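Asker: Below: one structure in structure tokens.
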Amino acid sequence: MNLPISGSLDDPQFSIGGLVIKVIVNLFVKAVTSPFALLGSMFGGGEELSNVEFAAGRASLNAAAIKKLESLSKALNERSALKLEITGRADPEGDKEGIKRVAIERAAKGEKLKDVMKKGGEGASLDSIEITPEEYPVYLQRAYKEAKFPKPRNVVGMQKDLPVEEMEKLMLTNLQASQEDMRALAVSRAEVVQGWLLEQGKVSPERVFLLPPKTEADDKGKTSRADFSLR
């Protein structure tokens, strides 16, 4: 805590009482107007803890998000009276394209999964499949051929072989990201955060609540995130 003290301690006019009162008032105001900034200064090295952000179209936690949740769970565990509300959100611009790009990625993985299963890979799942940069064009082309939309054809009526970028562009154009997809993404983000706080953060379940998701824009930049509030 920084105190703006100046002058000599030997000065009879010197008093820290006013400074202490000022600091207490400032802390109170900060706690009321910006509680997560205060928690961040106390437990997170000054980092704002009011939300965690996600990559477009995804609900997985990155290293920066986990770091915030570690600080937040520490604050909650040391302040047992605090209860946390989580609002999952989706960005109407970035997340719509993100959802479609994730769908293309999963379609390509689905094609590789078919190969894995043919080779006896029992127990393999879509989420366990990894595609190398060298493999991606092959499996993307298969996914492109399986996709149900009109495709460019040559003079004899055969499907044209297209570069990766053009296949992706056509697939993006013909995929849809519905409002229900956006809502599901927002819900997943809130649930992922809640799950981390309960399992890794060891926060009691009765202190972490999910609020209805939000899928509209606001004036605070990207909304590919989960927002927090205290009760």
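Asker: Please list, or write none, the lysines whose alpha carbon is within less than 20 Å of the alpha carbon of K160, excluding same-chain residues fewer than 8 places away.
Answerer: Here the lysines satisfying the reach criterion relative to K160 are K145, K148, K151, K169.
Asker: Mind sorting D127, D181 by how few other Cβ atoms lie within 10 Å of their own Cβ, fewest first? Before the final figure, lay out the partial values.
Answerer: Values: D127 8, D181 18.
In order of increasing Cβ crowding within 10 Å: D127, D181.
Asker: Still on this structure: Going by the alpha-carbon gyration tensor, a ≥ b ≥ c the square roots of its eigenvalues, is region 94-179 rounded (a/c under 1.5) or, if a/c is not under 1.5, prolate (a/b greater than b/c) versus oblate?
Answerer: Details: a/c = 2.13, a/b = 1.26, b/c = 1.69.
Here region 94-179 falls in the oblate category.
Asker: Region 66-143: which trypsin sites (Lys or Arg not before Pro) are DSSP loop and have at most 10 other beta-carbon atoms within 10 angstrom? Before the final figure, lay out each step's value.
Answerer: Numbers: sites: K67, K68, K74, R79, K83, R89, K96, K100, R101, R106, K109, K112, K114, K118, K119, R142; in loops: R79, K83, K119.
Loop-located and lightly packed - K119.
Asker: Hand me the GluC sites (Glu not before Pro) from region 120-206 located in a DSSP loop with no more than 13 other Cβ atoms within 10 Å, in residue order please. Please list the in-between numbers first.
Answerer: Numbers: sites: E122, E130, E134, E135, E146, E165, E166, E168, E180, E191, E199, E206; in loops: E122, E130, E134, E135.
Within region 120-206, the qualifying GluC sites (Glu not before Pro) (loop, at most 13 other Cβ atoms within 10 Å) are E122, E130, E134.
Asker: V116 to E78: extension gain in nm, 0.36 nm per residue of separation minus the Cα-Cα distance? Don't jump to the answer; show the numbers that get you there.
Answerer: On the way: separation 38, 0.36 × 38 = 13.68 nm, distance 4.76 nm.
The span from V116 to E78 would gain 8.9 nm if fully extended.
Computed from the coordinates by the stated procedures, all read-outs in this text should not be read as laboratory data. In this text the structure is predicted, and so the values were computed from the model without any measurement. Using ideal geometry, Cβ is built from the backbone for each residue, glycine included, and neighbour counts are taken over all protein chains shown.
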